[in-house]
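J.: My questions all concern the structure below.
Readers should treat all values here as calculations from the given coordinates under stated rules, not as data from a laboratory. As the structure is a computational prediction, the values presented were derived from the model and not from experiment. Cβ: placed from backbone, ideal geometry, glycine included. Neighbour counts: every protein chain shown.
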Amino acid sequence: MYKGDLSPREAYERLLADPSACLIDVRTDAEWAFVGVAAVDRMYRISWQRFPMMERDVDFAEKVKNAGVSVNEEIFLLCRSGVRSAAAAAALTEAGFANCYNVAEGFEGDRDESGHRGNLGGWKHAGLPWAQG
């Protein structure tokens, strides 16, 4: 099991405090391009699933290693709402990465009463730095 769930603000503060820590955004190319990305140093875009079929990328852990991420550094995983990133954190932990955390609310948070994301929780709603893809 991965180390635990953190709020976006907690993950951001830990990224600022530890220059060796990194953020891995596990969403798809389309999400990065059209929804936006966290604007932090040491942020990697490595999809957990392959669009459009959304099957798991079985090479995910290898891609993380190839990006230069150490198995001992703190790794914060982010997706839209925290579901895919939790699965990715568990898979990286199983692959030998020791300090994986899920950003529980994700980039966009939960849906509001109108079915829209971005108003209830998430990286963007917390006012953390982000940029359009």
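J.: If I fit a long axis through the Cα atoms of helix 8-17 and take the longest principal axis of the Cα atoms of the chain, what angle between them do I get, 0 to 90°, rounded to 10?
T.: The two axes meet at around 50 degrees.
J.: With springs connecting C-alpha atoms under 10 Å apart, model the chain as a Gaussian network and identify which of TRP123, TRP32, TRP48 has the largest mean-square fluctuation.
T.: Comparing TRP123, TRP32, TRP48 in a Gaussian network model of the chain, the most mobile one is TRP32.
J.: Given H placed 1.01 Å from N in the peptide plane, which residues other than close sequence neighbours of ILE24 have an amide H under 5 Å from its amide H?
T.: HN-HN under 5 Å from ILE24: TYR44, PHE76, LEU77, LEU78.
J.: Compute the long axis of helix 83-94 from its Cα atoms, compare it with the longest principal axis of the Cα atoms of the chain, and write down the angle in degrees, 0 to 90, nearest 10.
T.: So the helix axis and the longest Cα principal axis differ by about 10 degrees.
J.: Follow-up. Kindly provide the pair-distance distribution of the stretch 4-131 built from C-alpha pairs, with 10 Å bins from 0 and whole-percent values in order of increasing distance.
T.: In whole percents, the pair-distance histogram is 14, 49, 32, 5, 0.
J.: Given R₀ = 35 Å, what would the calculated FRET efficiency be for GLU13 paired with ASP110, taking r from the Cβ atoms and rounding to 0.05? Write down the numbers at each step before the final one.
T.: Details: r = 22 Å, r/R0 = 0.62.
Here the calculated transfer efficiency is 0.95.
J.: On to the next question. Which aspartates and glutamates does LYS124 reach when only Cα atoms under 13 Å apart count, and residues fewer than 8 places away in its own chain are ignored?
T.: Result set, ordered by chain and number: GLU105, GLU108, ASP110.
J.: So what is the 222 nm mean residue ellipticity for the chain from helices alone, if each DSSP H run of at least 4 adds -39500 (n - 2.57) and you divide by all residues, rounding to the nearest 500 deg cm²/dmol?
T.: -7500 deg cm²/dmol
J.: Now, a different point. Relative to the present Cα-Cα distance, how much length would full extension add between ARG50 and LYS63 at 0.36 nm per residue of separation?
T.: Full extension from ARG50 to LYS63 adds 3.4 nm.
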